[in-house]
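What follows is a single structure, written as structure tokens, with notes after it.
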Amino acid sequence: MASMLHSQFTGNLASGTTVSDLLQSSSNGISGVPLKTLGRARLGMTKREFAVVAKVRKVKKHEYPWPDPDNADPNVKGGVLSHLSPFKPLKEKPKPVTLEFEKPLVALQKKIIDVQKMANETGLDFTDQIISLENKYQQALKDLYTHLTPIQRVNIARHPNRPTCLDHIFNITEKFVELHGDRGGYDDPAIITGLGSINGRSYMFIGQQKGRNTKENIMRNFGMPTPHGYRKALRMMYYADHHGFPIVTFIDTPGAYADLKSEELGQGEAIAHNLRTMFGLKVPIVSIVMGEGGSGGALAIGCCNKMLMLENAVFYVASPEACAAILWKTAKASPKAAEKLKITATELTKLQISDGIIPEPLGGAHADPYWTSQQIKSAIVESMDELLKMDTEELLKHRMLKYRKLGGFQEGIPQDPIKKAHMKKTEKTVVPRPDNSELEGEVEKLKEQILKAKKSSAAPPDSGMNEMIDKLKEEIDYEYSVAAKSLGFKDKIVMLQEEFAKARNSKDQLIQPALLDKMQKLKDEFNQNLHKAPNYESLSSKLGMLKEVSTAKSLSEKNKEASPLQLEIQKKYKDILDQPDIKQKIEALKAEIKNSGASGVDNLDQGLKEKIGQVKKEIELELADALEPLGVRVNKVPVSVKAKVDELNKESNKIIKDVISSSSELRSKIELLKIEVASAGATPSTESKNKMQALQQDIKQGIEKAINSSALKEKFEQIKAEIAEAIESSEEANESFVSANTGES
């Protein structure tokens, strides 16, 4: 189409003509040319020439997804409607696609393939190993697919190899004939309609069709219908209603196609017309959400008596990415948005939007399309058997009530606790925070109570200490939040928390070391600038009070644990001293010491000292035997050897610290272990325990590999030999002492 018209006149026709002459009406001239000019032309001119030059704007020949007449299929009657050709199996098998959260399973699959290949090459029998690996893989697959997050289900619903509408229709019907056209000049390939039979009963099938590869997706417009598609579906609904065919619709679309031409042709009107018409159809309607159901584009064929969803299907008013972009200004928050939107089959069934869930095989519908189709077939037959028993009036009322009850409530009745949890919470009354002087006074009172309890040998006030620790922790958290806000760290912390939550979404994947480094850097930066915070003095004071009370509590707990054992040891010691033979020997020693007239231990003669030593050893032996049932062993290691052990421990700890500080991998694992312990809480799950044990094992192995000090090993072996020698000599001495005493008696 010409966008600009430019006329160029030559000769005397262009000269001597005023603007007013050219603007005269056609009654005064011909085609805007003045009569006087024409008169002069007849008298003096024999030939006049003029040329018209037009520039044509280049436009796109074919506006996707509308048909291109130049690319008409010569083998198809009707020319441009090449998509009317039959739905055929793909020539090539679709390439397997691994989703992000499925990557941990790839390693197991590779192991199974490698073992099978080795068995084929060597001819050896690896049946047991293959069965073990396959069982392990199936268990991992089951654990993964029974704990899917909402965003993971969204990814499965969008899987490129997921069965399409026609795949399911051909799997469940004995006969099927596809019907085309909206009787308005176009047939939308994104909407499939046709008649088919299941168990001898005829149905009208209407569904949204995606492609199985890129070429098909372009032809099918990625399952996004235009107004022509919805009008085609409407025509088939009228047809089914007229002939009494029950309607089955398959929903799988990201939404209606929202281009300029669709809007010009009345996309909104077409969807609204379908919604209004479906509520008045006199035949039962069952809708199957087999992939993703996006907004009004899905609802335009989804106003039904019963809506059933495949296990990994989703149904939403806005995609998680769109919701995240609106609320959190970034599509990276889509996992959080998917959770809040309640778009999965389980959540929608709880909200009574969906009427049932159709199971899928482990790995999704694409893992076993035929089995999934048979589950859909059973669900359709069961639902239709129930709906066909209703008369027309009851059927229409059933459809109306399905949607009227959504979001309804009744006043004056107690609310369900689960629903009540999602309601707007009442505003909490703001309690004034205590001053530092008040807290210091309370801590001083608690100290006095602990001292009094210690003097009177009574138990310290545990409840008071626990309450004070909780109170101080709450105050310290508040002070830290005030400091973070004043120093400008609040936004950084919130962003890091979101990244951490995203990393924790997949339970089978470890947190990236880069994220741990980022957390550590932020922590170091905050600690370096903490002294600049206006509430730093208050925070330091509260931290000091918390340290004092925590230390007092830990000492109290240690004393509690030690007190019963000390009493038991004292009792055993007293019983040994009360034994007749021991008592007699002690009395005899006392008499000898008295008769010797010595004023102190140093003045005793050597023989008397040896007797005292023998009695002492005998008492120690008796005490050691008496304490063994209590789990207490008397230390027989000499003091010199013990000092060497302590020195070796200090040296080992220093080397371990150096190894950890020089290895970023070990630091990351230790930080991850701390996070796992903190998130697991007091009662960790089996999965958390396994993760913690695995991390501990990795850390130990990493330290063992890093430590390679021959001098340290020599010291360890030397001390070990000295301890063994000391224990052996001690036992020999005890045996000789016992035998000597036995001979004397």
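Quick rundown of the values:
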{"quantity": "Matching option when the condition is over 20 Å from residue 265 (Cα atoms) and modelled with pLDDT under 95, among 220, 183, 212", "calculated": "212"}
{"quantity": "Meets criteria (farther than 30 Å from residue 199 by Cβ, in contact with an Asp or Glu (Cβ under 8 Å, 6 or more places away or on another chain) and either open to solvent by 60 Å² or more (accessible area, probe 1.4 Å) or not aromatic (Phe, Trp, Tyr) (or both)) for residue 155", "calculated": "yes"}
{"quantity": "Selection from the stretch 245-277 of residues that are open to solvent by less than 10 Å² (accessible area, probe 1.4 Å), touching a strand residue (DSSP E or B) at 6+ places or on another chain (Cβ under 9 Å) and hydrophobic (A, V, I, L, M, F, W, C)", "calculated": "247, 248, 250, 251"}
{"quantity": "Residue satisfying all of: in the stretch 450-485; hydroxyl-bearing (Ser, Thr, Tyr) and modelled with pLDDT under 85; farthest from residue 685 (Cα to Cα) among these", "calculated": "456"}
{"quantity": "Subset of the stretch 180-213 [touching a residue at least 60 places away in the same chain (Cβ under 8 Å) and in a loop (DSSP other than H, G, I, E, B)]", "calculated": "180, 186, 187, 189, 190, 199, 210, 212, 213"}
{"quantity": "Any hit, the stretch 576-583, residues being in a loop (DSSP other than H, G, I, E, B), surrounded by 10 or more Cβ atoms within 10 Å (Cβ to Cβ) and modelled with pLDDT of 75 or more", "calculated": "yes"}
{"quantity": "Sole residue being touching a residue at least 60 places away in the same chain (Cβ under 8 Å), over 30 Å from residue 320 (Cβ atoms) and within 39 Å of the chain's Cα centre (by Cα), chosen from 172, 151, 156", "calculated": "172"}
{"quantity": "Test: residue in the stretch 175-184 that is closer than 25 Å to residue 361 by Cα and surrounded by 13 or more Cβ atoms within 10 Å (Cβ to Cβ)", "calculated": "no"}
{"quantity": "Residue tally, condition open to solvent by 70 Å² or more (accessible area, probe 1.4 Å) and either outside any helix (DSSP H, G or I) or at pLDDT 80 or above (or both), over the stretch 593-613", "calculated": "2"}
{"quantity": "Residue ranges of helices (runs of 4 or more DSSP H) in the stretch 331-448 with at least 1 members open to solvent by 90 Å² or more (accessible area, probe 1.4 Å) and at pLDDT 85 or above", "calculated": "334-341, 345-350, 369-387, 392-404"}
{"quantity": "So residue 280, is it of a type in the set (Gly, Ala, Ser), within 32 Å of the chain's Cα centre (by Cα), within 21 Å of residue 384 (Cα to Cα) and surrounded by fewer than 24 Cβ atoms within 10 Å (Cβ to Cβ)", "calculated": "no"}
{"quantity": "Of all residues making up the stretch 162-174, the number that are open to solvent by less than 50 Å² (accessible area, probe 1.4 Å) and among the charged types (D, E, K, R)", "calculated": "2"}
{"quantity": "Hits in the stretch 214-238 - residues which are without any contact (Cβ under 8 Å) to a residue 60 or more places away in the chain and open to solvent by 50 Å² or more (accessible area, probe 1.4 Å)", "calculated": "214, 215, 222, 231, 235, 238"}
{"quantity": "Qualifying residue in the stretch 289-306 (condition: open to solvent by 10 Å² or more (accessible area, probe 1.4 Å) and under 20 Å from residue 377 (Cβ atoms))", "calculated": "yes"}
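Residue by residue, here is whether (1) in a helix (DSSP H, G or I); (2) in contact (Cβ under 8 Å) with a residue 24 or more places away in the chain holds:
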{"position": "98", "(1), (2)": "no, no"}
{"position": "110", "(1), (2)": "yes, no"}
{"position": "130", "(1), (2)": "yes, no"}
{"position": "134", "(1), (2)": "yes, no"}
{"position": "138", "(1), (2)": "yes, yes"}
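The values are calculated or read from the model by the stated rules, or taken from the named source; none is laboratory data. Please read these numbers as outputs of a predicted model, since none were measured by experiment. Backbone-built Cβ (ideal geometry, glycine too); neighbour counts: all protein chains shown. Note: areas computed on protein heavy atoms with side chains; ligands, DNA, RNA excluded. Shrake-Rupley method; radii C 1.70, N 1.55, O 1.52, S 1.80 Å.
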